[in-house]
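Below is one structure, written out as structure tokens; comments come after it.
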Amino acid sequence: MLLVGCRDESLNPNKPWEPGVHALAVFDGITEVGKANFAANAKTFPLTGQDAAKIDFKIRWVSLDNKLTVNKMVVKIDMIESYTDPDGNPKTVSLGGGGKVVKTIDSPTANRQWNAFSISPTEVYNLYKDATVKYDKVNAVKVFENPARPRPAGARLQGPQVVGGKTVANADAFVVTWELTTTDGLVFKVWNEDSICLDPTPVSQANSNCRLNFIVK
């Protein structure tokens, strides 16, 4: 007896891997060997002289199998506000809901080649000057007009707020993330946390990350 069977591949739960891209972004100008150039707070916004300040970055997209080409890179920045609520509990809130677009790099350089950009305190202020927080759980107050934490022109982004020897608000914090668009219209903005965002491999041209973190200091 001859038995002939067939297999419906559409029902196979083990789908073949599709090509993808990731990126590596770093604080520019850090010369230490290793991963120091994308460690948290490798560079920070200054406490004073913010109108003339900026942080330089560079970013490169990586296609391990060379099957995709990135033709647009969008850089976002989120501002994290810290405060103490009426019950005395420390709180943090994302003002950008995951980030607002601060830079767009059209026609970036080739696979694994660097693209330079910078972010200034003034750009961050302009993105978030209308952001509000309900510090008292009821009334929305503009962050940069909060009477409990005055923010003078020229130093709107602040370090820790200390009242009576107690820190009632941590330094303003920022998270830089990115989105990659390929020539065939695919958009990559979420990656595996362990293998991509926290890439455990030694430093190489294949390295990756998903965010850069820094504060005012």
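The values are calculated or read from the model by the stated rules, or taken from the named source; none is laboratory data. Owing to the predicted nature of the structure, the values given are computational and were not obtained by experimental measurement. Reconstructed Cβ throughout: ideal geometry from the backbone, glycine too, with neighbour counts over all protein chains shown. What goes into the accessible areas is simple: the full protein's heavy atoms, side chains included, and nothing from ligands, DNA or RNA. Shrake-Rupley method; radii C 1.70, N 1.55, O 1.52, S 1.80 Å.
Can you pull out every residue in the stretch 24-41 that is under 29 Å from L68 (Cβ atoms) and either at pLDDT below 65 or not charged (D, E, K, R) (or both)?
Step one: list which residues in the stretch 24-41 are under 29 Å from L68 (Cβ atoms), which gives 24-28, 30, 34-35, 37-39.
Result: L24, A25, V26, F27, I30, G34, N37, F38, A39.
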Check the stretch 98-108 and report whether any residue there is open to solvent by less than 40 Å² (accessible area, probe 1.4 Å), part of a strand (DSSP E or B) and at pLDDT 95 or above. yes
Enumeration of residues in the stretch 60-101 that are touching an Asp or Glu at 6+ places or on another chain (Cβ under 8 Å), closer than 30 Å to Q161 by Cβ and either free of Cβ contacts under 8 Å to residues at least 40 places away in the same chain or of a type in the set (S, T, N, Q) (or both): S82, K91, T92, S94, G96, G97, K100
With the requirement that a residue be more than 24 Å from L47 (Cβ to Cβ), open to solvent by 80 Å² or more (accessible area, probe 1.4 Å) and free of Cβ contacts under 8 Å to residues at least 12 places away in the same chain, what does the stretch 121-142 give you? K134, V138, N139
If you scan the stretch 19-57, which residues turn out to be more than 19 Å from W178 (Cα to Cα), open to solvent by less than 50 Å² (accessible area, probe 1.4 Å) and among the aliphatic types (A, V, I, L, M)? I30, A36, A53
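Listed here are the residues, each with its yes/no results for (1) within 30 Å of R156 (Cα to Cα); (2) open to solvent by 30 Å² or more (accessible area, probe 1.4 Å).
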| position | (1), (2) |
| --- | --- |
| L180 | no, no |
| T183 | no, yes |
| D194 | no, yes |
| D199 | no, no |
| S204 | no, yes |
| S208 | no, no |
| V216 | yes, no |
Could you give me the residue pairs with C-beta distances under 7 Å whose first residue belongs to the stretch 162-183 and is under 22 Å from P86 (Cα atoms) and among the polar types (S, T, N, Q), whose second residue is surrounded by fewer than 17 Cβ atoms within 10 Å (Cβ to Cβ) and at pLDDT 95 or above wherever it lies, and which are 6+ apart or on separate chains? T167/P160; N170/P160
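Considering T69, T104, T109, T92, which residue is within 30 Å of P147 (Cα to Cα) and of a type in the set (S, T, N, Q)? Outline the logic, then answer.
Working: T69 fails: within 30 Å of P147 (Cα to Cα); T104 fails: within 30 Å of P147 (Cα to Cα); T109 fails: within 30 Å of P147 (Cα to Cα).
Just a single option satisfies the conditions, and that option is T92.
Within the stretch 58-82, track down each residue that is assigned to a loop (DSSP other than H, G, I, E, B), touching a Ser or Thr at 6+ places or on another chain (Cβ under 6 Å) and either open to solvent by 20 Å² or more (accessible area, probe 1.4 Å) or of a type in the set (V, I, T) (or both). Reasoning before the result, please.
Keep residues of the stretch 58-82 that are assigned to a loop (DSSP other than H, G, I, E, B), which gives 63-69.
Now drop any that are not touching a Ser or Thr at 6+ places or on another chain (Cβ under 6 Å), which leaves 68-69.
Matches in the stretch 58-82: T69 only.
Which members of the stretch 175-194 meet the condition of being hydrophobic (A, V, I, L, M, F, W, C) and closer than 15 Å to K103 by Cβ?
Of the stretch 175-194, the ones hydrophobic (A, V, I, L, M, F, W, C) are 175-176, 178, 180, 186-188, 190-191.
Result: V175, V176, W178, L180.
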Given the criterion at pLDDT 95 or above and under 29 Å from G154 (Cβ atoms), identify the matching residue among V75, V62, V70, V21. V75
Do we find that A153 is more than 23 Å from F38 (Cβ to Cβ) and open to solvent by less than 70 Å² (accessible area, probe 1.4 Å) in this structure? no
